[in-house]
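Shown next, in structure tokens, is the structure this report addresses.
The values are calculated or read from the model by the stated rules, or taken from the named source; none is laboratory data. Source: prediction; values computed, not measured. Here the Cβ positions follow ideal geometry from the backbone for every residue, glycine too, while neighbour counts run over all protein chains shown.
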Amino acid sequence: MRPVLEITGVSKSYPGSPPVTALDGVALEIHAAERTAVLGPSGSGKTTLLHVAGTLERPSGGSVRIGGQEVSALPDAELSAVRGRRLGFVFQQFYLLDHLDAVQNVALGLLYRGGPARARRAAAVEALDRVGLGHRLGHVPARLSGGERQRVAIARAVAGHPDVVLADEPTGNLDSRSGQQIIDLLAGLARDGTAIVVVTHDPAVAAAMTRRVVMQDGRIVSDDRQVPG
Amino acid sequence: MSVGLRTRGRRGQAAGPARSRLRAADLVLGSWRGLGARRLRTALSCLGIALGIAAGVAVLGISASSKANLLAELGAEGNLVTVTAGQNFDGSPAPLPLTAESMIARIPPVESVTAIGYVPGATVFRTAAVPATDSGGISVLAAQPGLLGTLGGGVAAGTFLNAATVRYPAVVLGAVAARTLGIGQVRPDTQVYLAGRYFTVVGILRPVPLVPEIDEAALVGFPVADSLLGLDGYPTQIYLRALPDQVQPVTSVLPFTANPAEPEGVQVSLPSSILAARAAARTAFTGLFLGLGAVAVLVGVVGIGNIMVISVLERRAEIGLRRALGATRRHVGLQFLADSLLLSALGGVAGALAGAAATAGYALSSGQPTVVPASAVLAGLGVATGAGALAGLYPAIRAARLAPAEALRGA
């Protein structure tokens, strides 16, 4: 089966003296329903890998294919569409808009697809149901706990049924109990076929994934992927 | 309707890759919710624009209300025409022919006509004891009983000249002349010393705004002017009312009618147009206030621009998030531009309302009709929108240029 996300020989360096090399010849294939943890010390290039995989940043070299489509040379407009349609993002800081309630925050995830507002709202309500927040639809972030906020953020990421959800330290700002709920939620997404890539320091998160990729100095130094078959 | 990438054509949707889209309604709603979440900041940042637009609309509204009031007054008086024979070398009015009045009365659209005669060298004093040099600038005019009817004036006290009193040493004082002489009321024994003898004051006029020279005159009858003041019956000025829509043709035939022997010496004027010009000159202050309004708008532009730049910095994470959710650079820029436009439009609407309220307040307090010109309101809203576009452009470009990963990292 074709990988949903395919990174080949990707490098990323930032100008400076000396230039900083964040990624150095990284190759990674992510398949549907795969649950991958990206581990490694701070500064090893995990977040940069996530940004490059999520087309938030262009690689200095190499190829990024999402759903079989080469994206590293796409113009901004098409790249944005790839992000909006194929990818979902979850961040450590949640990044919910304070003045919007839960449904509006989740519907924001579908805003740039341009569908009718009613359909977006319905999908948002459904996504909030999926993360167990069907009873918090009208709550603004200030009235939600940290764990609930991250669940809203996950609902926002999956409301459009992306191929891949990219999560950057999703449990980093949460206590262990809330963190466990998030881990269960992310792991559960894979059952619907969504691939999960989580950058994390949290051993509990790593343990809940099916594959662990370890990075160091911009390279992948270990990958325990089980070859299917 | 959607903004952004759809403008590149539908071809792309059919064959090419999918595009991010943002509906105009969503754009506006997003800005509206964002501004609603920061109400105090929103109110303060559109204050400058609001003040500027309010000043502009109020100034134009008050000016228009005054003009409407004037036009309402002139509506009855805009058909008043003055005919004179010009001036003598010493500056005194030159006489018109004796036939002038009756000739003019025969022009069909002329509704009424009346003549006055300037009595040269005549002075008016309260008593004979006042030194002759303190003349007070009061002129003596011979007038006909129909004068007030033609001019549209009225008496403040006493009566006007009538068929009887025009033959006797009776005088009616103009409003200013009466004040100069210190005469406020008319009693049977009220007299003034006019051209060397006492005349009985029979009436005092209310001000006649269209013909201020009447205010400064003492009016006597033509017969008494002939017999006691040596006028010989020659009029120096003729007032007439023509049918309002026939004023122009009437004025064109007046010189020949009034003085066929010397038409080029005859001057015809419309006092109402002089008054209107004077009122227009009074609105010279309009320019000053509009200038102040423009300065306020400019300050408002700087204020909104400033707050938008700050907003871009504060909302870096949101910019990164929106990019991650599929917003293009253009969508992010448009969102900030929409914020700025909405801010300034709110300021413009608030300003226009305040300006209209100020106009209404002024008009009501001074008894004028309230006129808020639609053009002033539309111009105000247009200026506000332009100001918003100007203020939002740079911040929008900055927001659009922010790279998504950088925006997320910097937060």
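Below are the figures for this structure:
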| quantity | calculated |
| --- | --- |
| Which numbered condition A:R156 misses (of (1) of a type outside the set (A, V, I, L, M, F, W, C); (2) outside any helix (DSSP H, G or I); (3) modelled with pLDDT of 95 or more; (4) within 19 Å of the chain's Cα centre (by Cα)) | (2) |
| Residues (surrounded by fewer than 22 Cβ atoms within 10 Å (Cβ to Cβ) and at the interface with chain A (Cβ under 10 Å from one of its Cβ atoms)) located in segment B:304-328 | B:A317 |
| Restricting segment A:18-76 to residues that are within 21 Å of A:Q92 (Cβ to Cβ) and of a type in the set (S, T, N, Q), the residue that is surrounded by the fewest Cβ atoms within 10 Å (Cβ to Cβ) | A:S42 |
| Single residue of segment B:312-344 satisfying the filter (part of a helix (DSSP H, G or I) and out of contact with any helix residue (DSSP H, G or I) (no Cβ under 7 Å at 6 or more places or on another chain)) that is nearest to B:R398 (Cα to Cα) | B:L313 |
| Lone unmet requirement of (1) of a type in the set (G, A, S); (2) touching a residue at least 24 places away in the same chain (Cβ under 8 Å); (3) farther than 21 Å from B:F125 by Cβ for B:S252 | (2) |
| Candidate set: segment B:347-371, residues that are under 19 Å from B:L292 (Cα atoms) and among the β-branched types (V, I, T); chosen: the one farthest from the chain's Cα centre (by Cα) | B:V349 |
| Out of B:T127, B:T133, B:T114, B:T159, sole residue that is modelled with pLDDT of 90 or more and over 19 Å from B:P212 (Cα atoms) | B:T159 |
| Extreme residue, nearest to the other protein chains (Cβ to nearest Cβ), among residues of segment A:95-107 that are crowded, with 24+ Cβ neighbours inside 10 Å and within 16 Å of the chain's Cα centre (by Cα) | A:L96 |
| Hits in segment B:168-203 - residues which are closer than 21 Å to B:A115 by Cα and in contact with a Gly (Cβ under 6 Å, 6 or more places away or on another chain) | B:V172, B:V202, B:G203 |
| Qualifying residue in segment B:311-319 (condition: under 30 Å from B:I62 (Cβ atoms), among the hydroxyl-bearing types (S, T, Y) and either more than 39 Å from the chain's Cα centre (by Cα) or modelled with pLDDT under 95 (or both)) | no |
| Only one of B:A376, B:A405, B:A387 that is within 14 Å of another protein chain (Cβ to nearest Cβ), surrounded by 21 or more Cβ atoms within 10 Å (Cβ to Cβ) and small (G, A, S) | B:A405 |
| Residues satisfying the stated conditions in segment B:356-400, i.e. hydroxyl-bearing (S, T, Y) and either in a helix (DSSP H, G or I) or not assigned by TED's automatic domain parsing to the domain that holds B:G56 (or both) | B:T359, B:Y362, B:S365, B:S375, B:T385, B:Y394 |
| Qualifying residue in segment B:253-264 (condition: surrounded by 15 or more Cβ atoms within 10 Å (Cβ to Cβ), within 30 Å of B:L194 (Cβ to Cβ) and modelled with pLDDT under 90) | yes |
| Residue, nearest to B:R323 (Cα to Cα), within segment A:108-131, restricted to residues that are over 17 Å from the mean Cα position of the chain (by Cα) and of a type in the set (A, V, I, L, M, F, W, C) | A:L111 |
| Pairs with Cβ under 8 Å, 6+ apart, first in segment B:332-360 and in contact (Cβ under 8 Å) with a residue 24 or more places away in the chain, second of a type in the set (D, E, K, R) | B:V332/B:R322; B:V332/B:R323; B:Q335/B:R322 |
| B:R398 closer than 30 Å to A:D168 by Cβ and either surrounded by fewer than 21 Cβ atoms within 10 Å (Cβ to Cβ) or under 28 Å from the mean Cα position of the chain (by Cα) (or both) | yes |
| Count of segment A:67-94 residues which are away from chain B (no Cβ under 11 Å) and of a type outside the set (G, A, S) | 1 |
